[in-house]
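The values are calculated or read from the model by the stated rules, or taken from the named source; none is laboratory data. Owing to the predicted nature of the structure, the values given are computational and were not obtained by experimental measurement. Every residue, glycine as well, gets a Cβ built from its backbone with ideal geometry; the counts of neighbours run over all protein chains shown. Accessible surface areas use protein heavy atoms only, side chains included; no ligands, DNA or RNA. Shrake-Rupley method; radii C 1.70, N 1.55, O 1.52, S 1.80 Å.
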Amino acid sequence: MPPTLPNASPDASPDASPADRYSVGPVQVEQLHPWPSSVAEAEAVQDRLRGHVELTGPATFTLVAGLDVHYHGDEALTAAAVVLDAATLAPVEQVVAHGRAAFPYVPGLFAFRELPALVEALERLTVTPDLLVCDGYGVAHPRGFGLACHLGVLTGLPALGVGKTPFVGVHETPGPERGAWTPIVHEGATVGRALRTRPGVKPVYVSQGHRVSLDTVTEQVLRLTPRYRLPEPIRHADHLARHPS
DNA sequence: GCGACAG
DNA sequence: ATCTTGTCGC
C-alpha cells in the first residue's frame, strides 16, 4: 500500500518489467522508472524532468482531451479521459481506468497519486488528442513541474493545467469580466495567469504544461469554457469519473 | 521556528 | 479529494 510514505523502504518492491503494460491506442506514454518511493525521490524526478518542458508549440487544436480523477474511500480511484472535438466541443471518445492512489498526498507531489491511472486511461484511447487539459497545475508549481507537465512530457503532447485554487506565486485579482486575467509571479518569473472564465465568478489558475505558450493556454481555456467556470473537457471528465458507465 | 499547501 | 441542505440568482 503506497500511500504511507514519509519513511519509505528503499529496495522493497522491484518495479514492474517494462513490458508488463501495453497500449492498444495511439497515445504512447513514457513510463517512470523506477516509481518514486519517497518524497525525496519524487522531487528528484520532477527536478530531472523539468528540463524537458517546452514552453512553445501549436496554437490551434482539433481533438482536446480532458482528464480528471475521482476518489472513492481511502485509496481507490477512477481516472477519466474525455476527448472533445475542439471545434464543436462534442464528445468524441471517453474512457475510464480504475486504480489506487500511487503516492500519499503531499502538496507539490500530487501528480504521483493520479499519474498511473491517468496514463492507463490515455493508453485506452483509440484517437490521439493534440491537447491535454489537466485538472491541476503545470509550471506554476514549487519546482516548476506540476501534473500537466508530467502528462505533457511523458506523452510528448501539448498540455495545460487548470487549477481551482491559488497554489504558488502572487497575483492580483483580475477584473470581473470574462477574459480578464493577471499574471501569477513566482520567484520573479511569470508562471501562469489567474483567468476569469465567467463574469463575477472566481477565476481559475492556468499554466503551461508542455508545448504551449501562455497566450495559447489562456486562449484555449477561454475557448473551451463557453458557459461554466471550468473548461468543458474537465467538466466532462469529472462527470465520467464520478459516474462511470 | 510556524503555518500554509494543486486534488 | 471527501463529509453535506438549502438557498439565492441567472
Quiz item: How large is the accessible surface per residue of chain A, computed with a 1.4 Å probe and reported in Å² as a whole number?
Solution: 45 Å²
Exercise. Among DSSP beta bridges whose residues both lie in chain A, state the antiparallel percentage, nearest 5.
Key: 80 percent
Self-check item: Theoretical gain in end-to-end length, A:ALA59 to A:GLU177 [0.36 nm per residue, Cα-Cα removed]
Solution: 40.1 nm
Practice problem: Give the shape of region A:164-244 as rounded, prolate or oblate, defined through the alpha-carbon gyration tensor: a ≥ b ≥ c are the square roots of its eigenvalues, a/c under 1.5 means rounded, and otherwise the shape is prolate if a/b is larger than b/c and oblate if not. | Solution: prolate
Quiz item: Quick one: of the DSSP bridges fully inside region A:62-171, what percent are antiparallel, nearest 5?
Solution: 70 percent
Exercise. Kindly identify region A:26-119 as rounded, prolate or oblate by the Cα gyration tensor criterion: order the square roots of the eigenvalues as a ≥ b ≥ c, call it rounded if a/c is under 1.5, otherwise compare a/b with b/c, prolate if a/b is larger, else oblate.
Key: oblate
Exercise. For every other residue with a beta carbon closer than 14 angstrom to the beta carbon of A:GLY57, add +1 if it is Lys or Arg and -1 if Asp or Glu, then tell me the sum.
Key: -3
Quiz item: Using unit Cβ charges (K, R positive; D, E negative) and no other charged atoms, how large, in debye to the nearest 20, is the dipole of region A:39-242 about its Cα centre?
Solution: 520 debye
Practice problem: State, as an integer percentage, the relative contact order of chain A based on alpha-carbon contacts under 8 Å between residues 6 or more apart. | Solution: 21 percent
Quiz item: Where does chain A land at 222 nm, in deg cm²/dmol rounded to the nearest 500, when only DSSP H runs of n ≥ 4 count, each adding -39500 (n - 2.57), divided by all residues?
Solution: -7000 deg cm²/dmol
Quiz prompt | Net +/- balance of residues flanking A:ARG242 in space, Cβ distance below 14 Å, scoring K and R +1, D and E -1 | solution = -2
Exercise. Starting from the Cα gyration tensor of region A:39-242, take the square roots of the eigenvalues, sort them a ≥ b ≥ c, and report rounded, prolate or oblate (rounded when a/c is under 1.5, otherwise prolate if a/b is larger than b/c, else oblate).
Key: rounded
Quiz item: A:SER38 to A:ALA90: FRET efficiency via 1/(1 + (r/R0)^6), r the Cβ-Cβ distance, R0 35 Å, to the nearest 0.05?
Solution: 0.20
Quiz item: How much of the accessible area of region A:39-242, in percent, comes from carbon and sulfur atoms when a 1.4 Å probe is used?
Solution: 54 percent
Practice problem: Rounded to the nearest Å, what's the spacing between the alpha carbon centres of region A:17-92 and region A:123-154? Just the number, please. | Solution: 5 Å
Quiz item: Sorted by average packing, counted as other Cβ atoms within 10 angstrom per residue and highest first, what order do A:59-68, A:40-49, A:92-101 take?
Solution: A:59-68, A:92-101, A:40-49
Practice problem: Using only Cα atoms, tell me the angle between helix A:232-242 and the longest principal axis of chain A; keep it within 0 to 90° and round to the nearest 10. | Solution: 40 degrees
Exercise. Could you give the size of the charge dipole of region A:37-86 about its Cα centre, using +1 on the Cβ of each K and R and -1 on the Cβ of each D and E, expressed in debye and rounded to the nearest 20?
Key: 200 debye
